[in-house]
Amino acid sequence: MKTQEYIALEDRYNAHNYHPLDVVLTRGEGVWVWDVEGNKYMDCLSAYSALNQGHNHPRVRQALLEQSQKLSLTSRAFRNDQTPLFAQELCELTGQEMMLPMNSGAEAVETAMKAARRWGYQVKGIPENQAEIIVCKGNFHGRTITIISFTSEPAYQEGFGPFTPGYKLIPYGDPEALEAAITPNTAAFMVEPIQGEAGVVVPPEGYMRRVREICDRHNVLLIADEIQTGLGRTGQLFACDWEDVKPDLYTIGKALSAGFMPISAVVGKREVLGVFTPGSHGSTFGGSPLASAVARAALRVIVEEKLPERSRELGAYFQEQLRAIDSPYVKEVRGKGLFIGVVLKPEVGGARPFCEKLQSLGILAKETHRDVIRFAPPLIITKEELDWALERIRQVLQSD
Ligand SMILES: *Cc1c(COP(=O)(O)O)cnc(C)c1O
C-alpha cells in the first residue's frame, strides 16, 4: 500500500485526536526511521522522549523476546520473579525508597496524586476531602478527566466537563506564587522541572531549589513529573538533578520502556507510597513480568551507555550550533541537554511549515504550541549525525 492509502484509512477509521505529519513509518533503528516508500528520516522527536535509547534497541528487544517466551503477565494477584528486581533497581538508580508500577504516564500522575491526597489525610492531618494540590499554568500531565481538570490549555478541556475539584493553578517559575498559594490543606505541589508540551520552557535558575525549600517549610509534598524530562533527556538522570533537588515523588514513564510498550511508575518516599494498602489502588498490567523485564533492560541501557552524559555534551554542542544560525525567523533557542525548543517569532505564523520542510529534507520534528520546533533526538545520537541534521536545519531556518 502507498502512503496516501494509509492516510485515507487512518482518516476514515481513527478518531482525529492528532494532527500527524503525513509520513507513514514502517521501520526504525537507532535514530533512523523508514517510511513505506523506502525514504529514510532522522527522528528528532523520539516519541516525545520515549525513545531516548533509540528505536528498536537490541538489548531491550532481547529482554522483551526472552521474557515473552517465559511469562508475560500474572497480574499482581500473584508474585513473579521480575517485578521485585525492577522495583529494587529503579529505587537504587533513583535514590528513592519505594515504587509503584503503572502503564501510561497519565496513570503514574493519577497514582502520585492519590498517594499525595491519602498522605495529606493520614500523615499531615488534612480534614477529609479538603486536600489541595497546586500545579502550574502551562502544565502537561496527561489526558484523564482529573488531569485535564487543572490544565490551563482550553483545547484540552473543551467539551469534557464537569471537572475534578481540589487543584490550584499558579504561574510557572515563580516560587513566591507557590508560597502564597499554600494553605494548611495543601498536600502537594506537582511540577515539571522543565515544561515539555508548553514548548520546552526552562524556569529561572534556582527555581526547583526554592520550590524544594518552600515545600519542606510547609510540609507539602514535592511531586516532580519527569515523564518527559527524566531518564537522561536533559543531560542528567533527572532534570531535578541540575539543582540537586530530590522530590518526594517522581512520576516517570516514556523512556522507561525504550519505546517498546507502555510502562510508567511512581517512585519516592516510603512515607508517601506506604499509604497504599491492599485494594486501595491497582492495575492489571502495571508491573507485569514482561514490562518489568523490559524496563530493567531500558534502565541498564541508560546507565551503561551513559545517556545523561551524552545528552549533556551533545546537547551543549547542538544548542550552540543552533544559536549560531543567523535566521530571520528564530526568536530564541532554549532547553537543557538534547531537550531543545527553537522558538520562532510570532509574526512568522507557526512552526508547522518548518517541520514539513524539515521532513522533505529527511528530518522528523514536531511543532509544539504553534511557534516552537522541538528537537529531542534519541540520546544515542552521534556528533556526526547531529552535524548531518544541523546542515538541514540551517537550510530550513535560513531559506525564504
Ligand atoms: C507525556 C507526558 C505525560 C503523559 O504520559 P502518557 O503516557 O501520554 O499518559 C505526563 N506528564 C508529562 C510531563 C508528559 O510529558
Theoretical gain in end-to-end length, D400 to N219 [0.36 nm per residue, Cα-Cα removed]: 59.7 nm
Under 5 Å, built H, 5+ apart or other chain: amide partners of I170: V135, C136, K137
Rg to Rh, two decimals, where the range 244-321 supplies the alpha carbon set and Rh follows Kirkwood: 1.07
Prolate/oblate/rounded call for the range 58-304, Cα gyration tensor, a/c under 1.5 rounded: prolate
Cβ crowding within 10 Å averaged over residues, with 146-153, 393-400, 336-343 ranked highest first: 336-343, 146-153, 393-400
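For the chain, what does -39500 (n - 2.57) per DSSP helix run (n ≥ 4), summed and divided by total residues, give at 222 nm, in deg cm²/dmol to the nearest 500?
After summing the helix terms and dividing by the residues of the chain, the value is -10500 deg cm²/dmol.
With a/c under 1.5 counting as rounded, go ahead and sort the range 62-208 into rounded, prolate or oblate using the C-alpha gyration tensor (a ≥ b ≥ c being the square roots of the eigenvalues; past the cut-off, prolate if a/b is larger than b/c, else oblate).
Prolate, since a/c reaches 1.5 and a/b exceeds b/c.
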Using alpha-carbon coordinates, inclination of helix 105-119 to the longest axis of the chain, degrees: 20
Above-threshold pairs, the threshold being 21 Å between Cα atoms, out of K40/K357; K306/K331; K331/K357: K306/K331
Accessible area of the chain belonging to carbon and sulfur atoms, whole % at 1.4 Å probe: 51
Label point 7 Å beyond Cα of R370 along Cβ direction - residues of the range 298-337 with amide nitrogen under 16 Å: 331
Cα gyration tensor category, rounded, prolate or oblate, for the range 1-119 with a/c compared to 1.5: prolate
Karplus-derived 3J(HN,Hα), 6.51/-1.76/1.60, for each residue of the range 242-247, Hz, glycine and proline x: 4, 10, 6, 9, 10, x
Theoretical FRET efficiency, 1/(1+(r/R0)^6), r = Cβ-Cβ of A324 and T284, R0 56 Å, to 0.05: 0.65
Order by protection proxy (mean Cβ within 10 Å, highest first), peptides 255-261, 79-85: 255-261, 79-85
Accessible solvent surface per residue of the range 58-304, calculated while the other protein chains remain in place, 1.4 angstrom probe, Å²: 41
Derived scalar couplings ³J(HN,Hα) [the range 169-174; Karplus, 6.51 cos²θ - 1.76 cosθ + 1.60; whole Hz; x for Gly, Pro]: 9, 10, x, 7, x, 10
Per residue value of the accessible surface for the range 7-57 (all protein chains in place, 1.4 Å probe), Å²: 55
Rounded to 10°, Cα long-axis angle of helix 83-94 versus longest principal axis of the chain: 80
Label-point separation in nm, R143 to T3, each point 7 Å along Cα→Cβ: 2.5
Selected from E347, E309, E385 as most flexible by GNM, with the chain as the system and alpha-carbon contacts under 10 Å: E347
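The values are calculated or read from the model by the stated rules, or taken from the named source; none is laboratory data. Computed from a predicted model, the values in this text were never measured in an experiment. Glycine gets a Cβ as well: all are built from the backbone with ideal geometry, and neighbour counts include every protein chain shown. Accessible surface areas use protein heavy atoms only, side chains included; no ligands, DNA or RNA. Shrake-Rupley method; radii C 1.70, N 1.55, O 1.52, S 1.80 Å.
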